[in-house]
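Visitor: Please find one structure pasted underneath; my questions will follow.
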There are 2 protein chains.
Amino acid sequence: MAARGPSSSGGTGKVSLRIGDVARAVGTTPRTIRYYEELGLLPESPQRASGRHRIYSEQEVERLREVMRLKELLGVTLEELKTLLSAEEARAEVRAQLRREDVDAGRRRELLTQALGHIDRQLELVRHRGAELARLEAELSETRKRARRKIREVDAREAGSFPPPGELDDAREPAR
Amino acid sequence: MAARGPSSSGGTGKVSLRIGDVARAVGTTPRTIRYYEELGLLPESPQRASGRHRIYSEQEVERLREVMRLKELLGVTLEELKTLLSAEEARAEVRAQLRREDVDAGRRRELLTQALGHIDRQLELVRHRGAELARLEAELSETRKRARRKIREVDAREAGSFPPPGELDDAREPAR
DNA sequence: CCTTATCTTTACGTTCACGTAAACTTCCGT
DNA sequence: ACGGAAGTTTACGTGAACGTAAAGATAAGG
């Protein structure tokens, strides 16, 4: 038997994860990861010849987590998500270029400004949805209050005739 | 030519809408409406014989709007949505039974309590998503601030050599 | 009554986001 | 060196949520 936890190469830190490890880590399947890569949501390492195993770093795990989170929260298609995430790529490029000091300020400013635009688009989307959700929450709370009032009314009305119904008193507010 | 706006029967108020009118009103298609009815998300009028046109009241338009809103905001499947919406049905039944005074208080309380439970489930879901969205928004704002700071840094650095780049200064915060 | 836009049912088609199976490979522990 | 778990590509399958087409029926305006 050859049990094979996330294979370590040397000291702590670099762990060289394989697709199954990553899938388990973020709660999905290898198929999904390959699919996302195919769509361009995840970068394909260029130094991987066809047939060889994919290997991932903790960074890429984070990226995948972010992708899934955005998909879940924004409810957009993977294609839309891809264009939305071009911001991350821009920022990645910015970081890469910032490391090498040889890029002129004009170019740098351009990249940064572009990234800012993408961020703003995301922000707008998120805020819009947030606002709508807030409205929904407010409405639901209102409805809830009315329901509770009605229940109390019934209880009060019956309090005269015979002791109040001893049903489970599960009328606490759901934890905020 | 026989143009036919939402056909009115008599005085203002009752307008007897047809499926196409409803679809246009809420921004969807007749097919979708029939589909939702098939799934049980919308009630099928029992007094409609096969083949006759479906007619809708303003109330049902509202219901449909609500369904679409929840689907959009909560990102759940139509089947999940259906179970979630049993709350509305329960509340509808409550209202119906409240009109006829002949239901005993015990039954009434039971219905109300049940409805309350459903509302709480919805609330919890909405709040959870709201919280996650808020977190996302906070993170994005933070990222945005950092990006802006970097841009200002570049601009400041260049301010000495020659006049700052006159690119479109589109760096205003996206409207709250 | 007739016309015609709109609707009805039935049924097959489509897109998205993966699932699943098959036939090999790769890689790691021993 | 090797055995086997996990990976690879390729390709077909699937469920959800509708789209679309066909063949006819309905419901007002004129």
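The values are calculated or read from the model by the stated rules, or taken from the named source; none is laboratory data. Everything quoted here is computed from the prediction, not taken from an experiment. Cβ: placed from backbone, ideal geometry, glycine included. Neighbour counts: every protein chain shown.
Visitor: Which residue pairs have Cβ atoms under 7 Å apart, sit 6 or more places apart or on different chains, and have a first residue in segment A:43-64 that is within 9 Å of DNA strand D (Cβ to nearest atom) and a second that is in a helix (DSSP H, G or I)?
Guide: Final answer for the pair search is A:Glu44/A:Glu37; A:Arg54/A:Ile19.
Visitor: Just checking, how many residues over segment A:77-86 are within 16 Å of A:Ile119 (Cα to Cα) and free of Cβ contacts under 8 Å to residues at least 24 places away in the same chain? Explain how you work it out, then say what you get.
Guide: We begin by selecting, within segment A:77-86, every residue within 16 Å of A:Ile119 (Cα to Cα); these are A:80-86.
Checking which are free of Cβ contacts under 8 Å to residues at least 24 places away in the same chain leaves us with A:80, A:83.
Selection size over segment A:77-86: 2.
Visitor: Right, here's the next one. Among the residues of segment A:38-46, is there at least one that is at pLDDT 95 or above, surrounded by 15 or more Cβ atoms within 10 Å (Cβ to Cβ) and part of a helix (DSSP H, G or I)?
Guide: no
Visitor: Related question: Can you say whether B:Thr28 is at pLDDT 95 or above, surrounded by 15 or more Cβ atoms within 10 Å (Cβ to Cβ) and either of a type outside the set (Asp, Glu) or within 14 Å of DNA strand C (Cβ to nearest atom) (or both), as far as the supplied structure shows? Even if it seems obvious, please write down each step before you answer.
Guide: Working: at pLDDT 95 or above: yes; surrounded by 15 or more Cβ atoms within 10 Å (Cβ to Cβ): yes; either of a type outside the set (Asp, Glu) or within 14 Å of DNA strand C (Cβ to nearest atom) (or both): yes.
For B:Thr28, the condition - at pLDDT 95 or above, surrounded by 15 or more Cβ atoms within 10 Å (Cβ to Cβ) and either of a type outside the set (Asp, Glu) or within 14 Å of DNA strand C (Cβ to nearest atom) (or both) - is met.
Visitor: For the condition hydrophobic (A, V, I, L, M, F, W, C), surrounded by fewer than 16 Cβ atoms within 10 Å (Cβ to Cβ), within 30 Å of B:Glu153 (Cα to Cα) and more than 15 Å from DNA strand D (Cβ to nearest atom), what is the one hit in A:Ala105, A:Ala115?
Guide: Working: A:Ala115 fails: surrounded by fewer than 16 Cβ atoms within 10 Å (Cβ to Cβ).
Step by step, each of A:Ala105, A:Ala115 is checked, and only A:Ala105 is hydrophobic (A, V, I, L, M, F, W, C), surrounded by fewer than 16 Cβ atoms within 10 Å (Cβ to Cβ), within 30 Å of B:Glu153 (Cα to Cα) and more than 15 Å from DNA strand D (Cβ to nearest atom).
Visitor: I'd like the residue in segment A:54-79 that is of a type in the set (Lys, Arg) and more than 12 Å from every other protein chain (Cβ to nearest Cβ) and, out of all such residues, is surrounded by the fewest Cβ atoms within 10 Å (Cβ to Cβ). It would help to see each step written out before you state the result.
Guide: Going residue by residue through segment A:54-79, those that are of a type in the set (Lys, Arg) are A:54, A:63, A:65, A:69, A:71.
So of that shortlist, the ones also more than 12 Å from every other protein chain (Cβ to nearest Cβ) come out as A:54, A:63, A:65.
On the way: A:Arg54: 17, A:Arg63: 19, A:Arg65: 15.
Taking the candidates together, the pick is A:Arg65.
Visitor: Please go through (1) farther than 20 Å from A:Arg95 by Cβ; (2) part of a helix (DSSP H, G or I); (3) modelled with pLDDT under 95; (4) more than 7 Å from every other protein chain (Cβ to nearest Cβ) for B:Arg146 and return the number of the only condition it doesn't satisfy.
Guide: (1)
Visitor: With respect to B:Ser86, determine if the residue is among the hydroxyl-bearing types (Ser, Thr, Tyr), surrounded by fewer than 17 Cβ atoms within 10 Å (Cβ to Cβ) and over 29 Å from A:Ala156 (Cα atoms).
Guide: On the way: among the hydroxyl-bearing types (Ser, Thr, Tyr): yes; surrounded by fewer than 17 Cβ atoms within 10 Å (Cβ to Cβ): yes; over 29 Å from A:Ala156 (Cα atoms): no.
Here the answer is no, as B:Ser86 does not meet what is asked.
Visitor: State whether one or more residues within segment A:48-59 are of a type in the set (Asp, Glu), assigned to a helix (DSSP H, G or I) and on the phi < 0 side of the Ramachandran plot.
Guide: Initially, segment A:48-59 is screened for residues of a type in the set (Asp, Glu), giving A:58.
With assigned to a helix (DSSP H, G or I) added as a condition, the list becomes A:58.
Still in the list and also on the phi < 0 side of the Ramachandran plot: A:58.
Within segment A:48-59, one or more residues are of a type in the set (Asp, Glu), assigned to a helix (DSSP H, G or I) and on the phi < 0 side of the Ramachandran plot.
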